Amino acid sequence: MALPVLSSSAVKFRRVLAHFPQELSLAFAYGSGVFRQAGASAEYGETNMLDFVFAVDDVVTWHMTNLVKNRSHYSFLKFLGPKKISTIQRYGAGIYYNTLVPCNGRMIKYGVISTDALIEDLFHWKTLYVAGRLQKPVKILAQNENSKLQAALVSNLKSAVIAAFLMLPESFSEEELYLQIAGLSYSGDFRMIIGEDRFKVQNIVKPNIAHFQKLYSTILQDCPQVVYKHQLGRLEIDKSPEGQFTQLMALPKTLQQKITALVNPPGKNRDVEEILLQVAHDPDCGYLVHQGISAIVRSSSIVQSAKTILTAGAKKSVTYSLKKLYKMAKGELKKPS
């Protein structure tokens, strides 16, 4: 199964891509500058910051070339050189962001992640940082013929569906499924308390149901544990202990470890399969899955946010944080009464 590439003109995004070293295994644009969010005007989408992620095989060489081409994009860390920048990149979610960069008349933010780190996150949800972004609609701009990366991209979507199934009731709407999936990477993220609009997940999903369907419809149609009533926009899943155990065993490795740590008392040396069988019979199974996801996101988001002070520099960090707080305040003012 090939990862769906969302249609519509990508010229403005490819013009941005032309400013950077071209040795990319994957490049994609995401966020409100690409897909309209509820509550935002059409004009806002044409003026707000564009977000990109670049996956590269050789991080040191890529940063070395980018420092020559785009030295002004980096904070004071540019004086440390590409090797130190690459070392700093490995902390947190394994991604290095340059933010508030002027490019082609727009402000952009771009993150650089190694292909290997991305593949690990997609398969195992080590941080759920970039994997979480790829569970929502993105615009793929460049992708090489890396079959392992392609398999990891599809695996990440399947894992998102399974995790959502475990947290949903026996019957639910397609919109409820996509709200659950879109919220996975925000679970436990402290920025959802201060710094993000608390209606962010709804704002992402509601105007973009068709884009979510492009990502997930084939997976849902092929999944043996779900009855997908596409015409009605409804789904029914197997919530028996046997069904939940099958789903728990298919979850990414890191999430399985987080769940087992929640229910396995210290000193007890039981294997993962035995513990997950216990969880499958637990009425709080969905809550335990949610807590496991929150534990992954919490640790990576805190370290990644702290790292931003170094990678962006103090002035840009303050400016970026103020923009986030402004968006959060606007969301609060528009909240339903």
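The values are calculated or read from the model by the stated rules, or taken from the named source; none is laboratory data. Here the structure is a predicted model, which means the values were calculated and not measured. Because the Cβ atoms are built from the backbone with ideal geometry, glycine has one as well, and the counts that use them run over all protein chains shown. We work out accessible area using only protein heavy atoms, side chains counted, and drop any ligands, DNA or RNA first. Shrake-Rupley method; radii C 1.70, N 1.55, O 1.52, S 1.80 Å.
Can you classify segment 161-292 as rounded, prolate or oblate using the Cα gyration tensor, where a ≥ b ≥ c are the square roots of its eigenvalues, rounded means a/c under 1.5, and otherwise it's prolate if a/b beats b/c and oblate if not?
oblate
Over 22 Å between Cα atoms, which of Lys136/Lys206; Lys126/Lys158; Lys83/Lys136; Lys109/Lys214; Lys84/Lys307; Lys83/Lys139 qualify?
Lys83/Lys136; Lys109/Lys214; Lys83/Lys139
Return the long-range amide H neighbours of Phe35 (sequence gap of 5 or more, or a different chain), with a cut-off of under 5 Å between placed amide H atoms.
Placed amide hydrogens put nothing under 5 Å from Phe35.
At a Förster radius of 25 Å, what calculated FRET efficiency corresponds to the Cβ-Cβ distance of Ser173 and Asp238, to the nearest 0.05?
0.90
How far, in nm, would the chain grow between Asp57 and Glu273 when pulled straight, counting 0.36 nm per residue and subtracting the alpha carbon separation?
74.3 nm
Please report, as a whole percent, how much of the solvent-accessible surface of segment 172-299 comes from carbon and sulfur atoms (probe radius 1.4 Å).
The nonpolar share, carbon plus sulfur, comes to 52 percent.
Quick check: from the Cα gyration tensor, does segment 6-153 come out rounded (a/c under 1.5), prolate or oblate?
In terms of gyration-tensor shape, oblate.
Return the long-range amide H neighbours of Val56 (sequence gap of 5 or more, or a different chain), with a cut-off of under 5 Å between placed amide H atoms.
Under 5 Å from the amide H of Val56: Ser25, Ile113, Ser114, Thr115.
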